[in-house]
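Everything on this sheet refers to the single structure shown next.
The values are calculated or read from the model by the stated rules, or taken from the named source; none is laboratory data. These numbers were taken from a predicted model, which means no experiment stands behind them. Backbone-built Cβ (ideal geometry, glycine too); neighbour counts: all protein chains shown. To get the accessible areas, we keep the full protein, side chains included, count just its heavy atoms, and leave off ligands, DNA and RNA. Shrake-Rupley method; radii C 1.70, N 1.55, O 1.52, S 1.80 Å.
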Amino acid sequence: MSTLPLDSPSTRQKITTRSYRLKKQRGVPITMLTAYDHPTALALDQAGIDSILVGDSLGMVVLGYENTLPVTMEDMLHHCRAVARGAQYALLIGDMPFMSYQADVPDAVRNAGRFLQEAGMDAVKLEGGRERVEAIRAIVGAGIPVMGHLGLTPQSVNQFGGFRAQGRTAAAARGLLEDALLLEEAGCFSIVLESVPERLAELVSQRLEIPTIGIGAGAGCDGQVLVTHDMLGLFDRFTPRFVKHYANLHEEMERAFSAYKADVKSRAFPAEEHTFSISDEEWQAFLAKLD
Ligand code: KIV
């Protein structure tokens, strides 16, 4: 096993599912953020973020849907391709959209394969516990790494009756721990824990050999993920309580758009430095030939 520090910029290598496991073993927190486009993928990769999730959250933060249910395979593959063209080092994970893996196991394997074959992803993520074990085994059996997702699984929003924290009764906490162990046994390389009590997420993380990635699950997870549009303050419709704002880009965009509007109206833009010129000689020649 290499003894090189996993986060050292001088030894930077592509992050793999194996690096994920090594980071957990060495107690190095894993970083993950979402991206849906090329410039964001470039910036995340340059910042040294370990993994990029092309989440179906794009349905809400990019496409303007109420929830993630309308997102299609074609939507996901389109955005995954843009991200894959931007990121060289991060582990790239494509989120399987609603109904791309729930109905039929062979279909789940084929759809998972498209993320790797057509869209440059390294792995896929899918939501659910014991009811997904058969599909996960089959996808992993096809050589495709799978990240699980437990707790608040947004594709089940209608079953939950809204976006609510999960695992808050003794029975629900036990069910979640059992599901996590089943997903590990089925071959998942990692599991996202979303909106679950901190104590439960910490215990699950201790019981699993594979790393957990928390979102609204406290500091006891092996890594953390946020939706990039939320942490940048780009999506102002609704912010979950677990989000920390690292910027307020929505406000910054509004400020820039208003300044542009004012400049155009007052003719302050474009200024001389934004325009091209033609020599007097060429101009006179041009005018001389005008009808
Ligand atoms: O779709 C997504 O962005 C996700 C994260 C919230 C984990 O599933």
Problem set entry | Within-12-Å neighbourhood charge of F163 [Cβ basis; K, R +1; D, E -1] | 0
Problem set entry | Contour excess over end-to-end distance, with Cα ends at D263 and L42 and 0.36 nm allotted per residue | 76.5 nm
For this session: Pull up the cross-link candidates among the lysines for K23, meaning alpha carbon to alpha carbon under 16 Å and not fewer than 8 places away within one chain.
Result: K14
Seminar exercise, completed: Amide H neighbours of D56 at under 5 Å, excluding residues fewer than 5 places away on the same chain, with H built from the backbone geometry, are D95
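Quick check: at a probe of 1.4 Å, how many percent of the accessible area of the range 214-276 sits on carbon and sulfur atoms? Could you put the intermediate results ahead of the total?
Values: 2540 of 4500 Å².
Reported share for carbon and sulfur atoms: 56 percent.
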For this session: Sort T11, T153 from largest to smallest accessible area, using a 1.4 Å probe on the heavy atoms of the protein chains.
Result: T11, T153
Seminar exercise, completed: Order by accessible surface, 1.4 Å probe, largest leading, for residues F235, F98, F257 comes to F257, F98, F235
For this session: With a point put 7 Å past each Cα toward its Cβ, work out how far E254 is from R241 in nm, to one decimal.
Result: 2.5 nm
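Once you mark the GluC sites (Glu not before Pro) that are in a DSSP loop and have at most 15 other Cβ atoms within 10 Å, what is the longest gap between them in the chain? Walk me through the numbers on the way to the answer.
On the way: sites that count: E66, E118, E209.
Longest stretch, sites excluded: 119-208.
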Exercise. Rounded to the nearest 10 Å², what accessible area does Y65 show when all protein chains are kept and the probe is 1.4 Å?
Worked result: 80 Å²
Exercise. Residues with beta-carbon under 12 Å from that of R85, excluding R85: net charge, scoring Lys, Arg +1 and Asp, Glu -1?
Worked result: -1
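Could you work out the relative contact order of the chain? I mean the mean sequence separation of Cα pairs under 8 Å and 6+ apart, divided by the number of residues, in percent. Walk me through the numbers on the way to the answer.
Working: 498 pairs, mean separation 40.5, N = 291.
So the answer I get is 14 percent.
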Problem set entry | Excluding exposed DSSP-loop trypsin sites (Lys or Arg not before Pro) (at most 14 other C-beta within 10 Å), longest clean stretch of the chain | 86-163
